[in-house]
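Engineer: The structure's right below; bear with me while I get my questions together.
The values are calculated or read from the model by the stated rules, or taken from the named source; none is laboratory data. Because the structure is a prediction, the values reported are computed rather than measured. Positions of Cβ are generated from backbone atoms using ideal geometry, with glycine treated the same way; all protein chains shown enter the neighbour counts. Accessible surface is based on the protein model in full, side chains and every heavy atom, while ligands, DNA and RNA are left aside. Shrake-Rupley method; radii C 1.70, N 1.55, O 1.52, S 1.80 Å.
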Amino acid sequence: MGSKDEYLFDYLDDNARFADQINGAFFHGEQIVKPEELGEAEHEGIYLGKDAGKRKNVKTIVDKVRMWKGQKIHILAVENQNYVDYQMVLRNMLSESIGYHKQWKQKKREHERAKDLKGSKDEFLSGIRHDEKFTPIITLVVYYGEKDAWDGACCLYDLIDVDEQFKKYITNYQLNIYNCHEHDSFDEYHTDLRQLFEMIRYSADKKKLQEIVEKNKEVYSRINGDTRELLEVMADIKIPEKCKVTECGKERFNMCKAFEDMKLEGMELHAVELIQKKLAKGKKIEVIADELEESTERICELMQQYKLA
(Lines give C-alpha, C1' and ligand atoms only; values in the text may rest on other atoms or scores of the structure.)
Protein backbone atom coordinates (compact mmCIF):
# COMPACT_ATOMS: atom_id res chain seq x y z
CA MET A 1 0.00 0.00 0.00
CA GLY A 2 1.35 3.42 -0.95
CA SER A 3 1.96 6.38 1.32
CA LYS A 4 -0.86 8.68 2.44
CA ASP A 5 0.26 11.57 0.23
CA GLU A 6 0.20 9.30 -2.84
CA TYR A 7 -3.42 8.36 -2.14
CA LEU A 8 -4.35 12.02 -1.55
CA PHE A 9 -2.61 13.08 -4.75
CA ASP A 10 -4.66 10.61 -6.78
CA TYR A 11 -7.86 11.36 -4.89
CA LEU A 12 -7.75 15.09 -5.64
CA ASP A 13 -6.96 14.38 -9.29
CA ASP A 14 -10.72 14.22 -9.79
CA ASN A 15 -11.98 17.67 -10.84
CA ALA A 16 -15.28 17.22 -9.00
CA ARG A 17 -13.43 16.69 -5.72
CA PHE A 18 -10.96 19.48 -6.47
CA ALA A 19 -13.81 21.93 -7.08
CA ASP A 20 -15.68 20.66 -4.03
CA GLN A 21 -12.63 21.21 -1.84
CA ILE A 22 -12.29 24.81 -3.00
CA ASN A 23 -16.02 25.57 -2.75
CA GLY A 24 -16.27 24.00 0.69
CA ALA A 25 -13.21 25.70 2.17
CA PHE A 26 -13.53 29.14 0.53
CA PHE A 27 -17.21 29.62 -0.29
CA HIS A 28 -19.09 27.64 2.41
CA GLY A 29 -20.34 25.16 -0.18
CA GLU A 30 -21.62 27.67 -2.73
CA GLN A 31 -20.90 26.23 -6.18
CA ILE A 32 -18.56 28.96 -7.42
CA VAL A 33 -15.89 26.74 -9.00
CA LYS A 34 -17.37 24.14 -11.35
CA PRO A 35 -15.49 20.95 -12.31
CA GLU A 36 -15.93 21.53 -16.04
CA GLU A 37 -14.27 24.95 -15.70
CA LEU A 38 -11.00 23.52 -14.37
CA GLY A 39 -8.01 23.08 -16.66
CA GLU A 40 -4.58 21.50 -16.29
CA ALA A 41 -1.66 23.48 -14.90
CA GLU A 42 1.99 22.56 -14.44
CA HIS A 43 3.69 22.14 -11.09
CA GLU A 44 6.55 24.51 -10.47
CA GLY A 45 10.25 23.60 -10.27
CA ILE A 46 12.80 25.04 -7.85
CA TYR A 47 16.33 25.87 -8.96
CA LEU A 48 18.55 25.12 -5.97
CA GLY A 49 21.56 26.98 -7.35
CA LYS A 50 25.26 26.16 -7.62
CA ASP A 51 25.56 25.47 -3.89
CA ALA A 52 23.47 22.34 -4.39
CA GLY A 53 26.33 20.81 -6.41
CA LYS A 54 24.38 20.57 -9.61
CA ARG A 55 21.19 21.93 -11.09
CA LYS A 56 18.15 20.18 -9.68
CA ASN A 57 14.50 20.60 -10.39
CA VAL A 58 12.34 19.36 -7.55
CA LYS A 59 8.61 19.11 -7.30
CA THR A 60 7.12 21.82 -5.11
CA ILE A 61 5.04 21.13 -2.03
CA VAL A 62 1.80 21.62 -3.90
CA ASP A 63 -0.14 18.39 -4.39
CA LYS A 64 -2.65 19.53 -6.98
CA VAL A 65 -2.82 22.51 -9.33
CA ARG A 66 -5.63 23.58 -11.63
CA MET A 67 -6.38 26.62 -13.78
CA TRP A 68 -9.78 28.26 -13.27
CA LYS A 69 -10.91 31.28 -15.27
CA GLY A 70 -7.38 32.56 -15.68
CA GLN A 71 -6.43 31.87 -12.06
CA LYS A 72 -4.06 29.22 -10.80
CA ILE A 73 -5.36 27.33 -7.76
CA HIS A 74 -3.10 25.17 -5.61
CA ILE A 75 -4.28 22.62 -3.08
CA LEU A 76 -1.66 21.45 -0.62
CA ALA A 77 -2.82 18.41 1.33
CA VAL A 78 -0.97 18.10 4.64
CA GLU A 79 -1.37 14.54 5.88
CA ASN A 80 1.51 14.13 8.30
CA GLN A 81 0.19 12.62 11.52
CA ASN A 82 3.22 13.28 13.67
CA TYR A 83 3.80 17.03 13.51
CA VAL A 84 2.48 20.36 12.31
CA ASP A 85 4.88 22.02 9.88
CA TYR A 86 5.69 25.27 11.68
CA GLN A 87 7.32 26.82 8.61
CA MET A 88 4.34 26.22 6.32
CA VAL A 89 3.87 29.96 5.83
CA LEU A 90 7.39 30.22 4.43
CA ARG A 91 6.90 27.19 2.19
CA ASN A 92 3.76 28.69 0.72
CA MET A 93 5.40 32.07 0.21
CA LEU A 94 8.27 30.40 -1.62
CA SER A 95 5.98 28.29 -3.76
CA GLU A 96 3.87 31.26 -4.85
CA SER A 97 6.92 33.47 -5.40
CA ILE A 98 8.42 30.82 -7.67
CA GLY A 99 5.13 30.65 -9.55
CA TYR A 100 5.04 34.39 -10.18
CA HIS A 101 8.72 34.46 -11.10
CA LYS A 102 8.14 31.70 -13.63
CA GLN A 103 5.31 33.74 -15.18
CA TRP A 104 7.60 36.74 -15.44
CA LYS A 105 10.33 34.71 -17.14
CA GLN A 106 7.81 33.35 -19.64
CA LYS A 107 6.54 36.84 -20.48
CA LYS A 108 10.09 38.14 -20.78
CA ARG A 109 11.03 35.36 -23.22
CA GLU A 110 7.96 36.06 -25.35
CA HIS A 111 8.81 39.76 -25.55
CA GLU A 112 12.43 38.99 -26.42
CA ARG A 113 11.28 36.80 -29.31
CA ALA A 114 8.81 39.41 -30.49
CA LYS A 115 11.27 42.32 -29.94
CA ASP A 116 8.32 44.52 -29.01
CA LEU A 117 9.72 46.37 -25.97
CA LYS A 118 12.23 48.61 -27.75
CA GLY A 119 10.05 51.69 -27.43
CA SER A 120 10.47 51.96 -23.65
CA LYS A 121 13.72 51.61 -21.72
CA ASP A 122 11.83 50.76 -18.50
CA GLU A 123 9.78 48.05 -20.19
CA PHE A 124 12.82 46.69 -22.01
CA LEU A 125 14.85 46.35 -18.81
CA SER A 126 11.87 45.01 -16.86
CA GLY A 127 11.09 42.43 -19.52
CA ILE A 128 7.34 43.21 -19.42
CA ARG A 129 4.98 46.04 -20.34
CA HIS A 130 4.01 48.51 -17.65
CA ASP A 131 0.36 47.39 -17.72
CA GLU A 132 0.91 43.62 -17.96
CA LYS A 133 -0.86 41.42 -15.43
CA PHE A 134 0.07 38.06 -13.92
CA THR A 135 -2.10 35.05 -13.29
CA PRO A 136 -3.14 35.07 -9.61
CA ILE A 137 -2.02 32.09 -7.55
CA ILE A 138 -4.32 30.93 -4.76
CA THR A 139 -3.07 28.30 -2.33
CA LEU A 140 -5.20 26.27 0.06
CA VAL A 141 -3.61 24.15 2.80
CA VAL A 142 -5.79 21.21 3.83
CA TYR A 143 -4.78 19.67 7.16
CA TYR A 144 -5.59 15.97 7.53
CA GLY A 145 -3.40 15.31 10.56
CA GLU A 146 -4.49 13.39 13.64
CA LYS A 147 -3.68 16.26 16.00
CA ASP A 148 -6.90 18.18 16.59
CA ALA A 149 -5.44 21.65 16.34
CA TRP A 150 -3.22 23.33 13.80
CA ASP A 151 -1.02 25.20 16.26
CA GLY A 152 1.42 26.49 13.66
CA ALA A 153 1.68 29.98 12.22
CA CYS A 154 -1.19 31.15 10.03
CA CYS A 155 0.51 34.29 8.76
CA LEU A 156 3.98 35.78 8.50
CA TYR A 157 3.38 38.04 11.51
CA ASP A 158 3.08 34.88 13.64
CA LEU A 159 6.64 33.92 12.68
CA ILE A 160 8.53 37.18 13.13
CA ASP A 161 9.72 39.07 16.17
CA VAL A 162 9.65 42.75 15.28
CA ASP A 163 9.15 46.04 17.06
CA GLU A 164 5.58 47.29 16.66
CA GLN A 165 6.66 50.58 15.01
CA PHE A 166 8.23 48.60 12.15
CA LYS A 167 5.44 46.05 11.73
CA LYS A 168 3.41 48.19 9.34
CA TYR A 169 6.35 48.21 6.91
CA ILE A 170 6.42 44.40 6.69
CA THR A 171 3.95 42.86 4.24
CA ASN A 172 2.01 40.12 5.97
CA TYR A 173 1.40 36.81 4.23
CA GLN A 174 -1.80 34.98 5.17
CA LEU A 175 -2.09 31.19 5.08
CA ASN A 176 -5.36 29.79 3.73
CA ILE A 177 -5.85 26.67 5.83
CA TYR A 178 -8.70 24.20 6.19
CA ASN A 179 -8.56 21.99 9.27
CA CYS A 180 -11.37 19.44 9.38
CA HIS A 181 -10.90 19.04 13.13
CA GLU A 182 -12.26 22.57 13.63
CA HIS A 183 -15.62 21.62 12.10
CA ASP A 184 -18.52 19.67 13.59
CA SER A 185 -20.37 19.12 10.31
CA PHE A 186 -19.44 19.06 6.64
CA ASP A 187 -22.67 20.01 4.89
CA GLU A 188 -20.71 22.38 2.64
CA TYR A 189 -19.22 19.41 0.77
CA HIS A 190 -21.15 17.63 -1.98
CA THR A 191 -18.74 14.88 -3.03
CA ASP A 192 -17.27 12.00 -1.03
CA LEU A 193 -14.92 14.53 0.55
CA ARG A 194 -17.70 14.93 3.09
CA GLN A 195 -17.46 11.28 4.13
CA LEU A 196 -13.66 11.51 4.19
CA PHE A 197 -13.68 14.53 6.51
CA GLU A 198 -16.37 13.03 8.74
CA MET A 199 -14.39 9.84 9.22
CA ILE A 200 -11.08 11.65 9.87
CA ARG A 201 -12.72 14.17 12.22
CA TYR A 202 -14.32 11.49 14.40
CA SER A 203 -11.91 8.60 13.84
CA ALA A 204 -11.21 8.37 17.57
CA ASP A 205 -14.91 8.43 18.52
CA LYS A 206 -16.41 5.13 17.38
CA LYS A 207 -19.82 5.97 18.86
CA LYS A 208 -20.00 9.21 16.87
CA LEU A 209 -18.87 7.41 13.71
CA GLN A 210 -21.63 4.86 14.18
CA GLU A 211 -24.20 7.65 14.56
CA ILE A 212 -22.99 9.36 11.36
CA VAL A 213 -23.09 6.14 9.37
CA GLU A 214 -26.56 5.24 10.68
CA LYS A 215 -27.85 8.73 9.86
CA ASN A 216 -26.52 8.59 6.30
CA LYS A 217 -27.03 4.95 5.39
CA GLU A 218 -27.80 5.64 1.73
CA VAL A 219 -24.39 7.23 1.16
CA TYR A 220 -22.32 5.03 3.44
CA SER A 221 -23.76 1.84 2.03
CA ARG A 222 -22.23 2.58 -1.38
CA ILE A 223 -18.90 4.42 -1.10
CA ASN A 224 -16.49 4.03 -4.01
CA GLY A 225 -13.23 2.13 -3.98
CA ASP A 226 -10.79 5.04 -3.85
CA THR A 227 -12.67 6.61 -0.92
CA ARG A 228 -12.52 3.25 0.83
CA GLU A 229 -8.75 3.05 0.26
CA LEU A 230 -8.19 6.59 1.51
CA LEU A 231 -10.29 5.98 4.63
CA GLU A 232 -8.20 2.94 5.42
CA VAL A 233 -4.89 4.83 5.21
CA MET A 234 -6.04 8.21 6.58
CA ALA A 235 -8.53 7.25 9.30
CA ASP A 236 -7.41 3.66 9.97
CA ILE A 237 -10.94 2.41 9.26
CA LYS A 238 -10.91 -1.09 7.81
CA ILE A 239 -13.57 -1.93 5.23
CA PRO A 240 -13.04 -5.58 4.23
CA GLU A 241 -13.62 -7.06 0.80
CA LYS A 242 -16.69 -8.91 2.03
CA CYS A 243 -18.44 -5.53 2.23
CA LYS A 244 -18.08 -5.08 -1.53
CA VAL A 245 -21.27 -4.56 -3.57
CA THR A 246 -21.78 -4.01 -7.29
CA GLU A 247 -23.83 -1.07 -8.51
CA CYS A 248 -24.33 -0.40 -12.21
CA GLY A 249 -21.24 -2.46 -12.95
CA LYS A 250 -19.08 -0.47 -10.51
CA GLU A 251 -17.57 -1.67 -7.27
CA ARG A 252 -18.91 -0.03 -4.12
CA PHE A 253 -18.39 -0.77 -0.43
CA ASN A 254 -20.99 -0.96 2.29
CA MET A 255 -19.58 0.86 5.32
CA CYS A 256 -22.80 0.24 7.24
CA LYS A 257 -22.08 -3.48 7.07
CA ALA A 258 -18.44 -2.89 7.98
CA PHE A 259 -19.44 -0.96 11.09
CA GLU A 260 -22.05 -3.57 12.01
CA ASP A 261 -19.42 -6.29 11.65
CA MET A 262 -17.04 -4.29 13.86
CA LYS A 263 -19.79 -3.87 16.43
CA LEU A 264 -20.58 -7.59 16.40
CA GLU A 265 -16.89 -8.42 16.55
CA GLY A 266 -16.53 -6.18 19.60
CA MET A 267 -19.49 -7.87 21.27
CA GLU A 268 -18.05 -11.27 20.41
CA LEU A 269 -14.66 -10.44 21.87
CA HIS A 270 -16.35 -9.19 25.02
CA ALA A 271 -18.25 -12.49 25.28
CA VAL A 272 -15.03 -14.45 24.79
CA GLU A 273 -13.39 -12.47 27.58
CA LEU A 274 -16.30 -13.30 29.92
CA ILE A 275 -16.18 -16.97 28.95
CA GLN A 276 -12.47 -17.09 29.69
CA LYS A 277 -12.97 -15.56 33.13
CA LYS A 278 -15.81 -17.93 33.97
CA LEU A 279 -13.80 -20.95 32.81
CA ALA A 280 -10.94 -19.82 35.04
CA LYS A 281 -13.38 -19.95 37.97
CA GLY A 282 -14.18 -23.56 37.10
CA LYS A 283 -17.69 -22.99 35.83
CA LYS A 284 -19.24 -25.56 33.52
CA ILE A 285 -20.22 -24.72 29.93
CA GLU A 286 -23.94 -25.13 30.72
CA VAL A 287 -23.68 -22.63 33.58
CA ILE A 288 -21.74 -20.15 31.42
CA ALA A 289 -24.32 -20.46 28.64
CA ASP A 290 -27.12 -19.80 31.11
CA GLU A 291 -25.39 -16.76 32.62
CA LEU A 292 -24.60 -15.26 29.21
CA GLU A 293 -28.04 -16.19 27.84
CA GLU A 294 -26.44 -18.11 24.97
CA SER A 295 -26.82 -21.69 23.76
CA THR A 296 -24.22 -24.25 24.82
CA GLU A 297 -23.52 -24.80 21.11
CA ARG A 298 -22.61 -21.10 20.70
CA ILE A 299 -20.35 -21.16 23.77
CA CYS A 300 -18.59 -24.27 22.45
CA GLU A 301 -18.22 -22.65 19.04
CA LEU A 302 -16.56 -19.56 20.55
CA MET A 303 -14.31 -21.70 22.73
CA GLN A 304 -13.16 -23.66 19.70
CA GLN A 305 -12.75 -20.54 17.52
CA TYR A 306 -10.64 -18.70 20.12
CA LYS A 307 -8.94 -21.85 21.42
CA LEU A 308 -10.18 -21.50 24.98
CA ALA A 309 -9.32 -24.33 27.37
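Engineer: Out of all the residues in the range 93-111, which are surrounded by fewer than 13 Cβ atoms within 10 Å (Cβ to Cβ) and over 22 Å from THR139 (Cα atoms)?
Structural biologist: The answer is ARG109, GLU110.
Engineer: Scan GLU188, GLU198 and give me the residue that is without any contact (Cβ under 8 Å) to a residue 60 or more places away in the chain, open to solvent by less than 80 Å² (accessible area, probe 1.4 Å), charged (D, E, K, R) and within 24 Å of ALA25 (Cα to Cα). Step through it out loud before you land on a result.
Structural biologist: Values: GLU188 fails: without any contact (Cβ under 8 Å) to a residue 60 or more places away in the chain.
The conditions single out GLU198.
Engineer: Limited to the range 112-122, what total is found for residues that are out of contact with any helix residue (DSSP H, G or I) (no Cβ under 8 Å at 6 or more places or on another chain) and either at pLDDT below 90 or crowded, with 17+ Cβ neighbours inside 10 Å (or both)? Reasoning before the result, please.
Structural biologist: As a first pass, look at the range 112-122 and keep what is out of contact with any helix residue (DSSP H, G or I) (no Cβ under 8 Å at 6 or more places or on another chain): 112-116, 119-122.
Still in the list and also either at pLDDT below 90 or crowded, with 17+ Cβ neighbours inside 10 Å (or both): 119.
Within the range 112-122, residues that are out of contact with any helix residue (DSSP H, G or I) (no Cβ under 8 Å at 6 or more places or on another chain) and either at pLDDT below 90 or crowded, with 17+ Cβ neighbours inside 10 Å (or both) number 1.
Engineer: Of everything in the range 1-29, what is more than 16 Å from ASP187 (Cβ to Cβ), assigned to a loop (DSSP other than H, G, I, E, B), at pLDDT 75 or above and open to solvent by 10 Å² or more (accessible area, probe 1.4 Å)? Give them in sequence order.
Structural biologist: Answer for the range 1-29, where residues must be more than 16 Å from ASP187 (Cβ to Cβ), assigned to a loop (DSSP other than H, G, I, E, B), at pLDDT 75 or above and open to solvent by 10 Å² or more (accessible area, probe 1.4 Å): ASP13, ASP14.
Engineer: So the check is Cβ under 6 Å with 6+ separation or different chains; which pairs have a first residue in the range 115-128 that's under 21 Å from LYS102 (Cβ atoms) and a second one that's open to solvent by less than 90 Å² (accessible area, probe 1.4 Å) and outside any helix (DSSP H, G or I)?
Structural biologist: Close Cβ pairs satisfying both conditions: GLU123/LEU117; GLU123/ARG129; PHE124/LEU117.
Engineer: Another question, then. Cβ-Cβ below 8 Å, separation at least six or inter-chain, first residue in the range 240-269 and at pLDDT below 75, second assigned to a helix (DSSP H, G or I) and among the β-branched types (Val, Ile, Thr): which pairs?
Structural biologist: Between residues of the range 240-269 that are at pLDDT below 75 and residues that are assigned to a helix (DSSP H, G or I) and among the β-branched types (Val, Ile, Thr), the close pairs are CYS256/VAL213; PHE259/VAL213.
Engineer: In addition: So is VAL213 buried (at least 17 other Cβ atoms within 10 Å of the Cβ) and either more than 21 Å from ARG17 (Cα to Cα) or touching a Phe, Trp or Tyr at 6+ places or on another chain (Cβ under 7 Å) (or both) or not?
Structural biologist: Details: buried (at least 17 other Cβ atoms within 10 Å of the Cβ): yes; either more than 21 Å from ARG17 (Cα to Cα) or touching a Phe, Trp or Tyr at 6+ places or on another chain (Cβ under 7 Å) (or both): yes.
Criteria met by VAL213.
Engineer: Among the residues of the range 291-305, count how many are open to solvent by 70 Å² or more (accessible area, probe 1.4 Å) and closer than 15 Å to LYS277 by Cα.
Structural biologist: Keep residues of the range 291-305 that are open to solvent by 70 Å² or more (accessible area, probe 1.4 Å), which gives 291, 293-294, 297, 301, 304-305.
Right, trim to closer than 15 Å to LYS277 by Cα and you get 291.
Number of matching residues: 1.
Engineer: Somewhere in the range 88-103, is a residue of a type outside the set (Val, Ile, Thr), modelled with pLDDT of 90 or more, over 18 Å from TYR173 (Cα atoms) and not in a loop (DSSP other than H, G, I, E, B)?
Structural biologist: Looking for residues that are of a type outside the set (Val, Ile, Thr), modelled with pLDDT of 90 or more, over 18 Å from TYR173 (Cα atoms) and not in a loop (DSSP other than H, G, I, E, B), one finds at least one in the range 88-103, hence yes.
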